[in-house]
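Quick notes on the structure that follows.
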Amino acid sequence: MIEHAKRSSFLIIIGIIFFLSIIIIGIIYLKKGETQTKPQEIKTDYLTKATSTTKDELTTLLKDYYFQNNLITEDNLDYWHITSITYIGYNEKEDTYYYKVEGNYKCLNQDETCIYVEQELTTEPNYLIYLEVSITKDKYQIKSISQTSNEELLKEEETLSTNNEFQEKISNIIKEYYQKHNLIDNETLDYWNIKDIQYTKTINNEKVYYIVSNFHCQNDLTTCVYNAQLDEVKKDGSYDNNIYIKLNENQEITSISNLLFENPSLNLPSKEELIKMTKDYFNKNGFVTNNNLSSWDINEVIYTGYYPSNKEEAIINLRGTYLCNDNTSDCIYIEQVGEPLKNNTYPFNIYMVYKDNQFISASGSINSNIISIDQIIK
């Protein structure tokens with residue numbers, strides 16, 4: 001009897017131990033499972049946090065950083081275009097996020113010194129850096145810029161998206177401006193695609209944007225979209241038209257230029273004064289037959305730019321129309337007379353060289369090595 005009781009007690013103890021073992025093993029597996037899934041949950045949170053910004057916003061942060069830290073030579077920069085930004089991982093030790101930034105840039109003097117990089121790249125893209133960023137309460141701050149990536153990352157990869165709503169809004173502002181200022185010819189325009197609008201810097205509360213676009217004119221023309229400097233024609237007959245615009249606080253365009261850096265030493269006269277100076281120059285040099293001239297209207301005056309060899313001479317482009325009494329083009333002398341327009345008027349398109357408060361020469365064309373400003377004078 002006693003022996004049977006001992007045996008029963010032993011079996012009970014064994015059962016309790018077995019039951020406790022199952023509980024302990026279950027707790028261990030549960031903890032192990034939590035340990036395995038917890039980093040994945042944190043990792044997903046890192047990805048969400050890192051990609052809650054856009055390519056446009058991070059581009060603005062990066063370019064402001066370069067200008068504020070004197071890592072760019074503004075008057076030597078032709079363009080700097082960021083083509084893609086990709087989140088690549090999280091640095092757990094430093095609590096920072098890493099992005100791969102790719103793009104292209106070009107210096108006016110044809111070297112690679114206008115933008116600071118640790119090592120110049122000879123391949124495309126010629127701008128490639130890794131951006132280390134801290135994120136606190138949705139505020140992004142640059143910690144470092146390098147041409148090598150950190151190897152100790154919780155690696156993930158996702159390309160940042162573009163703010164399409166912003167792109168479309170600014171695109172409409174640009175096209176409305178061109179329409180309003182007669183810088184576009186809808187009759188001969190086949191298409192004009194604005195591909196990218198990218199922040200460059202802020203000057204006196206005005207934001208400067210770099211515009212990447214491409215247009216095609218009918219009948220192999222080049223004049224359906226105004227441009228001060230054309231690149232080579234593409235295989236499909238289209239042209240690139242990449243420009244800088246300035247937007248004020250009311251998101252109104254205050255200037256359009258082919259160059260970021262504008263020559264500040266020139267204090268040009270007003271539009272009305274330059275028009276008068278042009279007509280006086282033509283009359284003084286015998287380029288006008290007044291008894292045959294019916295009308296002469298100049299409605300666009302543009303500071304086209306200057307030649308690198310002589311920054312003191314401003315090239316001014318004046319555009320308009322004129323009408324001769326005999327319906328020919330002979331009442332105003334122009335080197336290259338365009339095709340007649342409506343009502344027998346002819347296009348007036350001339351480049352005047354301005355120096356020391358006067359025009360010193362006139363021409364129907366400009367050389368390809370001009371430093372383009374392309375700023376409309378009001």
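Here are a few things to note about the model shown:
- What the phi angles of the stretch 52-66 give under the Karplus curve with 6.51, -1.76 and 1.60, with θ = phi - 60°, is a coupling list of 7, 9, 10, 4, 4, 5, 6, 5, 4, 4, 5, 5, 4, 4, 5 Hz, glycine and proline written as x.
- Solvent-accessible area per residue, Å², over the stretch 237-302 with all protein chains present [probe radius 1.4 Å]: 47 Å²
- Between the amide H of residue 305 and those of 315, 373, 374, distances stay under 5 Å, these residues lying 5 or more places away or on another chain, with hydrogens modeled in the peptide plane.
- One Cα centroid belongs to the stretch 185-202, the other to the stretch 301-333; the line between them spans 25 Å.
- Cα-projected label distance for residue 159 with residue 175, points at 7 Å along beta-carbon direction, nm: 2.4 nm
- The modelled label-to-label distance between residue 311 and residue 113, using points 7 Å beyond Cα along the C-beta direction, is 1.5 nm.
- Between the amide H of residue 78 and those of 106, 107, 108, distances stay under 5 Å, these residues lying 5 or more places away or on another chain, with hydrogens modeled in the peptide plane.
- Helix content alone sets the calculated 222 nm mean residue ellipticity of the chain: runs of n ≥ 4 DSSP H residues at -39500 (n - 2.57) each, divided across all residues, give -8500 deg cm²/dmol.
- Correct choice for log10 I(q)/I(0) by the Debye sum over Cα atoms at q = 0.07, 0.08, 0.12, 0.15 Å⁻¹ that was computed from the model, options (1) -0.47, -0.56, -1.00, -1.35; (2) -0.35, -0.46, -0.98, -1.37; (3) -0.43, -0.55, -1.07, -1.32: (1)
- The trypsin sites (Lys or Arg not before Pro) of the stretch 74-129 meeting both criteria, a DSSP state outside H, G, I, E and B (loop) and at most 15 other C-beta atoms within 10 angstrom of the site's C-beta, are 93.
- The chain, relative contact order [Cα under 8 Å, separation at least 6], %: 11 percent
- Working from Cα pairs under 8 Å separated by at least six residues, relative contact order for the stretch 199-243 is 38 percent.
- Phi-derived couplings, Karplus 6.51 cos²θ - 1.76 cosθ + 1.60 at θ = phi - 60°, listed residue by residue for the stretch 204-219: 6, 6, 10, 8, 9, 10, 9, 10, 9, 9, 9, 9, 9, 9, 6, 6 Hz, with x used for Gly and Pro.
- Using a probe of 1.4 angstrom and keeping all protein chains present, the accessible surface of the stretch 43-97 works out to 44 square angstrom per residue.
- Within the stretch 229-259, trypsin sites (Lys or Arg not before Pro) in DSSP loop having at most 12 other beta-carbon neighbours inside 10 Å: 234, 235
- In this structure the amide hydrogen of residue 51, modeled in the peptide plane, comes within under 5 Å of no amide hydrogen from residues 5 or more places off or on another chain.
- Candidates per GluC sites (Glu not before Pro) in the stretch 152-181, loop by DSSP, up to 14 other Cβ within 10 Å: 152
- Contact order relative to length of the stretch 224-378, as percent, for alpha carbon pairs under 8 angstrom and 6 or more apart: 25 percent
- Accessible area of the chain belonging to carbon and sulfur atoms, whole % at 1.4 Å probe: 47 percent
- Using θ = phi - 60° and Karplus 6.51 cos²θ - 1.76 cosθ + 1.60, couplings along the stretch 344-355 (whole Hz; Gly, Pro as x): 6, 7, 10, x, 9, 9, 9, 10, 9, 9, 9, 7
- Cα-centred dipole magnitude for the stretch 206-245, charges only on beta-carbon of K, R (+1) and D, E (-1), debye, nearest 20: 80 debye
- Computed from point charges on the beta carbon alone (+1 for Lys and Arg, -1 for Asp and Glu), the dipole magnitude for the stretch 274-363 about its Cα centre is near 160 Debye.
The values are calculated or read from the model by the stated rules, or taken from the named source; none is laboratory data. All of these numbers come straight from a predicted model, not from anything done at the bench. Backbone-built Cβ (ideal geometry, glycine too); neighbour counts: all protein chains shown. These area figures cover heavy atoms from the full protein model, side chains too; ligands, DNA and RNA do not enter into them. Shrake-Rupley method; radii C 1.70, N 1.55, O 1.52, S 1.80 Å.
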